[in-house]
Amino acid sequence: MRPRDLLCPKPAGLYCPPGDFYIDPVRPVPRALVTHGHSDHARAGHGAVLATQQTLDIMGLRYGEDFAGSTQAAAFGETIQVNGVDVTFHPAGHVLGSAQICVDHGGTRIVASGDYKRRPDATSQPFEPIRCDVFITEATFGLPVFRHPPDTHEIGKLIRSTEQFPERAHLVGAYALGKAQRVIRLIRDAGYERPVFIHGALAKLCDYYQSEGIDLGDLRPATVEGGAKGDFAGAIVVGPPSAFADRWARRFPDPISAFASGWMRIRQRAKQGGVELPLIISDHSDWDELLETIVETGASEIWVTHGREEALVRWCELQGIAAKALHLVGYEDEGD
Amino acid sequence: MNRFAELLDRLVLTPARNGKLTLLVDYFRTVEDPDRGYALAAITGDLSIAAIKPAMLRTLVTERMDPVLFGYSYDYVGDLAETVSLVWPELPPERKPNHAPTLGEVVDALQSASRSDGPTVLARLLDSAGIEARFAIIKLVTGGLRIGVSARLAKQALADFGKVDVAEIEELWHGLKPPYNELFAWLEGKAPKPEKAAKALFRPVMLSNPVEDRDLEKLEPADYAAEWKWDGIRVQAVSEGGIRRLYSRTGDDVSGAFPDLVDAMDFSAALDGELLVGDPREATGTFSDLQQRLNRKSVSPKIREKFPAFMRCYDILQLGEEDLRPLPFIERRKRLEAFIATLDPRRFDLSPLAPFTNWEDLNRMRTSPPHPIIEGVMLKRLDSPYLAGRPKGPWFKWKRDPHTVDAVLMYAQRGHGKRSSFYSDYTFGVWQGALGEEELVPVGKAYFGFTDEELKQIDKFVRDNTIERFGPVRSVRADRDNGLVLEVAFEGLNRSTRHKSGVAMRFPRISRLRWDKPTIEADRIETLRAMLD
């Protein structure tokens, strides 16, 4: 079977004609397979959703229990038949429960990796490379300039800054699902035992991670109920990046704004966002890891989605690997 | 190297002065010699390293990676040093040196490299470093750290670090060399204060504050002396133990450009004054004349003869072995008058006092000074010692009102930094040519003087009236019937052969937007030419 007959881009997302399902559709469809819980990949309103239990749980937390007509949990490594097409979920290492979806039919195997990273992360199952004919890769950081440093180094910068500026609150912007919990866990792994304060938008997901056995330590709401500004001097406060531009942030004493994202690799990004302490911590693969993964899958053809496709396509061409950009719409190529 | 690289990154992103000071002090406290000293020298601009040109950097990197991928990368990042630091290929672990170079080693390697092997040495250093360190190395070799830290701020950080007065640091500064081991030892209390090793050191200059709205009513005219404010270059002439130095007001040694003046410094003293050209006994040259002598590495005898440099003296800081700075102004002035009388009158004269009885008097003198190169008056408190820096109270400057002209906006260019999405740099022109056939000729460029609200209005006007684009520059509709008139204030005008209009403005800024004024009523070039000194 030709790969393009097994999976092809449609306005609603990547579609499998023989299996009659979509992967990560961006609008409501009768049957959806979802790689992970980020809102641009996991949307509410589908007829049936097949995803890992943790992704289903996260969708339930975000959209309410009735986010889909019916749900089915896929265990990692277990092959499920959907209208005669074999699908298998494998860990993607992106956030808790995130998966690559392997679609195997008529002698052709395609792996749709969703978003993935290769670095060890205590809050997510580690990525497993899967041999395949076609590998569909994201390209969020698909330029040679993106090379993520070790996350422990970045957290070290944060902790040193709390020692240098003990009178200032350290506001760490981090996306509510995945990044926030990973950052908190890294802070704990660095030996920081004081309470970490969190914005209300993070509470449900942090509770969920803790209930899944990921220890985040002493978390407290970042509210100043009758307290004084000085209560947060030297404290680490984690919240969604949007909150820090808001009045919410003004309650803290002379805050230092930090932002945990792969985008912080580019100085101008940090500068334009008024970020004083950029923390280059990403849940996506960096350039070197994208290349390494492409080689490891042994795929003879690479399809590139959301991000900076042209550089990755160029690199594949130089290596003699067929590659094309899929031009799927609706995914945030900036989210990290 | 990594600590230095991290310091640079933190300084760039830390807007507050106190935050920068904390970072610098912390760095001085936790980093060893000689690295901290080299870092200091890099920040104050006292580190001399043979420069590598951007084109060479680009060549080095495209020898090592696909030029197309480099092109995508550079387009995305927009900064050459940063792009190269990020894309530079990492050596495989077995080929990577197991020692990452320290800042001291990097500086040594770069300083001992000859011009021809500079690129090779640089490439080897980049191979051995990580991303952040590579960025810092490239910044060192391409010159200009651009981290928003002045030499003055770095010295303040040293003062905070050692809990001493910043004037003490400034006074020692010119006798010290990177990596400043003896300075740090003193600041840490491990060694005595370094002797003033060199002779003829720079003394930190005393500066004045502008007279503001209600300052004068609080002051007593009898407490102050007034003198003319000369529009030259503030300098300090120091001659001690056979060493002669001419310093700018920031302490840069400018002796090389003024050998004629330095030759005449056959005394043992430190003088504060204004560098001017001409013969003080006959005529003082204009600022345009003075410019013939500025920013030149060497001066031809012809130029030297045509525009001889001299110093019009304001103050005396040292005479022989005696430090006169603690004396009151009136006392120093007496010493100065006596001392100047002993010097070569072609090279040194006295800035005369301008007697006045009340502020109205002084105001009249200020607005119609007796010489075109006077830009206002100075007020000096009679009982004040000579203090480093800009203390409020003892010295004031009261400048002549700036010149203004009505000009028409011709081109607008995108700004930088927080103005990067706005057209905020404006080129404006005035009319020339016969009546009925006027055309605009550009006379200057300004990028400040307007409020944020006015910036938005001009930006909208530029976008609505663009007739042509050249990269970041837009050409704006400007003719007899259409266009925006800007009132431009400026400090002075020079003759210019570089500009089509033949004039160049000093310190132009937008003083008002004249939405009300028809473009054809803007000024003509003849008006400007008449203002030429």
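Treat every Asp and Glu Cβ in the protein assembly as shown as -1 and every Lys and Arg Cβ as +1, leave all other atoms uncharged, and give the resulting dipole magnitude about the Cα centre to the nearest 20 debye.
On the way: 111 positive and 124 negative charges, 364 e Å.
In total the dipole reaches around 1740 debye.
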So, by mean Cβ neighbours within 10 angstrom, what's the order for B:269-282, B:490-503, A:272-285 with the highest one leading? A:272-285, B:269-282, B:490-503
On the formula 1/(1 + (r/R0)^6), with r taken between the Cβ atoms of B:ASP223 and B:ALA283 and R0 of 45 Å, the FRET efficiency rounded to 0.05 is 0.85
Log10 I(q)/I(0) at q = 0.10, 0.13, 0.18, 0.22 Å⁻¹ for the range B:1-131, from Debye over equal alpha-carbon scatterers, is -0.38, -0.64, -1.16, -1.42
Test of understanding: ordering B:ASP263, A:ASP288 by Cβ neighbours within 10 Å, fewest first, what list do you get? B:ASP263, A:ASP288
Per residue, how big is the convex hull of the range B:403-531 when only Cα atoms are used? Give it in Å³. 108 Å³
Within chain B: Cβ-based charge dipole about Cα centre, in debye rounded to nearest 20 (Lys, Arg +1; Asp, Glu -1): 480 debye
Give the order of B:THR142, A:THR35 when sorted by the count of other beta carbons within 10 angstrom, beginning with the fewest. B:THR142, A:THR35
For A:LEU328, distant residues with modelled amide H under 5 Å away: A:HIS306
Calculate the tail of P(r) for chain A: the fraction of all Cα-Cα distances greater than 25 Å, expressed in %. 52 percent
So what J values fall out for the range B:317-332 if you push phi through Karplus, 6.51 cos²θ - 1.76 cosθ + 1.60 with θ = phi - 60°, rounded to Hz, Gly and Pro as x? 9, 8, 9, x, 8, 9, 7, 8, 4, x, 6, x, 3, 4, 6, 4
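Where does chain A land at 222 nm, in deg cm²/dmol rounded to the nearest 500, when only DSSP H runs of n ≥ 4 count, each adding -39500 (n - 2.57), divided by all residues?
Numbers: 9 runs with 81 residues, N = 336.
That comes out to -7000 deg cm²/dmol.
Just to be sure I understand: if I project the alpha-carbon convex hull of chain B onto a plane and average over all orientations, what area do I get in nm²?
Details: hull surface 119.4 nm².
It is 29.9 nm².
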Using the Karplus curve 6.51 cos²θ - 1.76 cosθ + 1.60 with θ = phi - 60°, work out ³J(HN,Hα) for each residue of the range A:40-52 in order, rounded to whole Hz, and write x for Gly and Pro. 7, 9, 10, 10, 8, x, 7, x, 10, 10, 10, 7, 5
Residues meeting the amide H criterion for B:LEU324 (H placed from the backbone, H to H distance under 5 Å, 5 or more places apart or on another chain) are B:GLN318, B:LEU319
By Cβ neighbour count within 10 Å, fewest first, A:PHE76, B:PHE28 rank A:PHE76, B:PHE28
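Out of all Cα-Cα pairs in the range A:1-53, roughly what percent, to the nearest whole number, are more than 19 Å apart? Don't skip to the end; give the middle numbers.
Working: 287 of 1378 pairs.
I get 21 percent for the Cα pairs in the range A:1-53 exceeding 19 Å.
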Given charges at Cβ of Lys, Arg, Asp, Glu: the range A:151-279 dipole, positive-most of A:SER211, A:TYR192, A:GLY178: A:GLY178
Beta carbons within 10 angstrom, averaged per residue: use that to sort the peptides B:463-473, B:149-159, highest first. B:149-159, B:463-473
Taking Cα atoms, the helix A:179-189 axis meets the longest principal axis of chain A at an angle in degrees (rounded to 10) of 60 degrees
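Can you tell me the equivalent ellipsoid semi-axes for the range A:41-141? Use √(5λ) from the Cα gyration tensor, largest first, whole Å.
21, 19, 11
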Rounded to the nearest 10 degrees, the helix A:309-319 long axis (Cα) sits at an angle to the longest Cα principal axis of chain A of 60 degrees
Note the full-extension length gain between B:ASP452 and B:ASP481 as 0.36 nm times their separation in residues minus their Cα-Cα distance, in nm to one decimal. 7.7 nm
How large is the direction-averaged shadow of the alpha-carbon convex hull of the range B:209-399, in nm²? 10.8 nm²
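Please go through the residue pairs B:LYS302/B:LYS397; A:LYS271/A:LYS324; B:LYS229/B:LYS334; B:LYS155/B:LYS460; B:LYS306/B:LYS500; B:LYS96/B:LYS139 and name each one whose alpha carbons sit more than 31 Å apart in this structure. Mind dumping the intermediate values first?
Details: B:LYS302/B:LYS397 35 Å; A:LYS271/A:LYS324 34 Å; B:LYS229/B:LYS334 19 Å; B:LYS155/B:LYS460 43 Å; B:LYS306/B:LYS500 25 Å; B:LYS96/B:LYS139 22 Å.
Beyond 31 Å: B:LYS302/B:LYS397; A:LYS271/A:LYS324; B:LYS155/B:LYS460.
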Per residue of B:10-18, how many C-beta atoms from partner chains lie within 10 Å of its own C-beta, taken as a mean? 4
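So for the protein assembly as shown, considering every pair of alpha-carbon atoms, how many percent are separated by more than 48 Å? If you can, show how the numbers build up before the last one.
Working: 147147 of 377146 pairs.
Above the 48 Å cut-off, the protein assembly as shown has 39 percent of its Cα pairs.
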Give me the one-decimal Kirkwood hydrodynamic radius in Å for the range A:151-279, with the sum taken over alpha-carbon pairs. 14.6 Å
When you look at the Cβ of every residue in A:137-144, what mean number of other chain Cβ atoms sits within 10 Å? 3
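Using only DSSP helix segments of four residues or longer, with each worth -39500 (n - 2.57), what per-residue ellipticity at 222 nm results for chain B after dividing by its residue count and rounding to 500? All intermediate terms of the calculation are to be shown ahead of the outcome.
Details: 19 runs with 181 residues, N = 533.
When only DSSP H runs of four or more count, the value is -10000 deg cm²/dmol.
Taking every residue in B:479-487, how many Cβ atoms of other protein chains lie within 10 Å of its Cβ, on average? Display every interim value, and only then the final one.
Numbers: counts 0, 0, 0, 0, 0, 0, 0, 0, 0.
Mean shielding count: 0.
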³J(HN,Hα) computed for each position of the range B:61-68 - Karplus, 6.51 cos²θ - 1.76 cosθ + 1.60, integer Hz, glycine/proline x: 7, 6, 6, 10, 8, 4, x, 5
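Quick note: the coordinates plus some simple rules give every number you see, no bench work behind them. Just so it is clear, the structure is predicted and the values come from calculations on it, not from any experiment. Note: ideal-geometry Cβ built from the backbone for every residue, glycine included; neighbour counts use all protein chains shown.
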